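The values are calculated or read from the model by the stated rules, or taken from the named source; none is laboratory data. Because the structure is a prediction, the values reported are computed rather than measured. Here the Cβ positions follow ideal geometry from the backbone for every residue, glycine too, while neighbour counts run over all protein chains shown.
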Amino acid sequence: MKIDLHVHSKNGSDGRWPLEQIFAEAARRGIGLISVTDHDSLKAQDEARRLALHHGIRYLTGVELNVTITHERWTRGKAASLDLLGYGFDIGNKDFTTKLDELRNYRKRRAQMILDNLNEEFHKEGRPLFTVHDMEAIEESVDGSFGRPHIAGYLISKGIVASKQEAFDRYLVKCDVPKMPLAPEEASSLVRSAGGRLVIAHPNDPNGTSLAVLTTSLAEQARMIEEVLLPFIDGIECWHTRHDAKTSSFYREYAREHHLIVTGGSDCHQQPVLMGSVDVPDCVAEQFGL
């Protein structure tokens, strides 16, 4: 059975496709179990379950949470970001939905602060400044959680930059505003209280929000997990588009030693369409009784 437990949608966060297109393609590709894991959002979950049922695909509720960690050795006392995945939770849990609402609302305020910082850069360059109308135009492009990729897309549409990479290199790194911090302890409490399980996302992804940003050594990453995260997690995403065979094998053995579940997925944002491209074993579904 093809399994993909890491897919993003336009409905809930920063995927390019709406749910209808995602599930039609998932069915065409023969995916038997899927999870839509939008950033800080459960907006897509009801519709995702309905579409999964319509297409004869098993469904697991999902979300991707960005957490902040601080450690004297690993982060040199500074805040660092990691992504965690929640699975199998009750989407109606009030504490969970309230917190996610707070995170999403802060994303909008953060976006306005980033635009204010952009205007400072534009002023130095002699460019016209963004106005409230630009903010409204960016908001219209947002179907899920408001984030820097939406601002990058707008910069491209205005001809200010040629690509998202240029948008980040020239402006969005310099003009960034910190996200609302969510500690691993709180993320764990929210997901577990809602009946779900929490998993470290793509721990060795060199291009993502991962442990690889802090150290490329798998052994060091493992020690970091033990010192910072182990009490708060239930599993590890072993199979990922940007995990090589050595990484997948290492983390599967680590999970076995620490009695953790294992998951996997493509992290597909439909740029390109990667759904079902990661070889995830059937045992992943069995852990969730699916």
Counting just the residues of the range 209-221 that are assigned to a loop (DSSP other than H, G, I, E, B) and surrounded by 14 or more Cβ atoms within 10 Å (Cβ to Cβ), which one comes out nearest to the chain's Cα centre (by Cα)? Thr209
The conditions are (1) in contact with a strand residue (DSSP E or B) (Cβ under 7 Å, 6 or more places away or on another chain); (2) assigned to a helix (DSSP H, G or I), and Lys179 fails exactly one of them. Which is it? (2)
Residues in the range 33-40: is at least one more than 21 Å from Ile151 (Cβ to Cβ) and either more than 17 Å from the chain's Cα centre (by Cα) or among the acidic types (Asp, Glu) (or both)? yes
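From the list Pro206, Pro281, exactly one residue is at pLDDT below 95 and in a loop (DSSP other than H, G, I, E, B). Which is it?
Pro206
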Of these, Leu230, Leu260, Leu274, which one is surrounded by fewer than 20 Cβ atoms within 10 Å (Cβ to Cβ), closer than 25 Å to Val36 by Cβ and not acidic (Asp, Glu)? Leu274
Can you tell me which of (1) of a type in the set (A, V, I, L, M); (2) over 15 Å from Leu60 (Cβ atoms); (3) surrounded by 16 or more Cβ atoms within 10 Å (Cβ to Cβ) is the one Val199 doesn't meet? (2)
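Would you point out the residue of the range 33-87, among those that are of a type in the set (Gly, Ala, Ser) and free of Cβ contacts under 8 Å to residues at least 60 places away in the same chain, that is farthest from Val284 (Cα to Cα)?
Residues of the range 33-87 of a type in the set (Gly, Ala, Ser): 35, 41, 44, 48, 52, 56, 62, 77, 79-81, 86.
Those still in the list that are free of Cβ contacts under 8 Å to residues at least 60 places away in the same chain too: 48, 52, 56, 62, 77.
Numbers: Ala48: 20, Ala52: 18, Gly56: 19, Gly62: 14, Gly77: 35 Å.
Top of the filtered list is Gly77.
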Residue match in the range 222-243 (condition: part of a loop (DSSP other than H, G, I, E, B), assigned by TED's automatic domain parsing to the domain that holds His71, modelled with pLDDT of 95 or more and farther than 25 Å from Ala187 by Cα): no
Write out, first by first residue and then by second, each pair whose Cβ atoms fall under 7 Å of each other, whose residues are 6+ apart or on separate chains, and whose first residue, in the range 167-188, is surrounded by 16 or more Cβ atoms within 10 Å (Cβ to Cβ) while the second is of a type in the set (Phe, Trp, Tyr) and modelled with pLDDT under 95. Met180/Tyr106
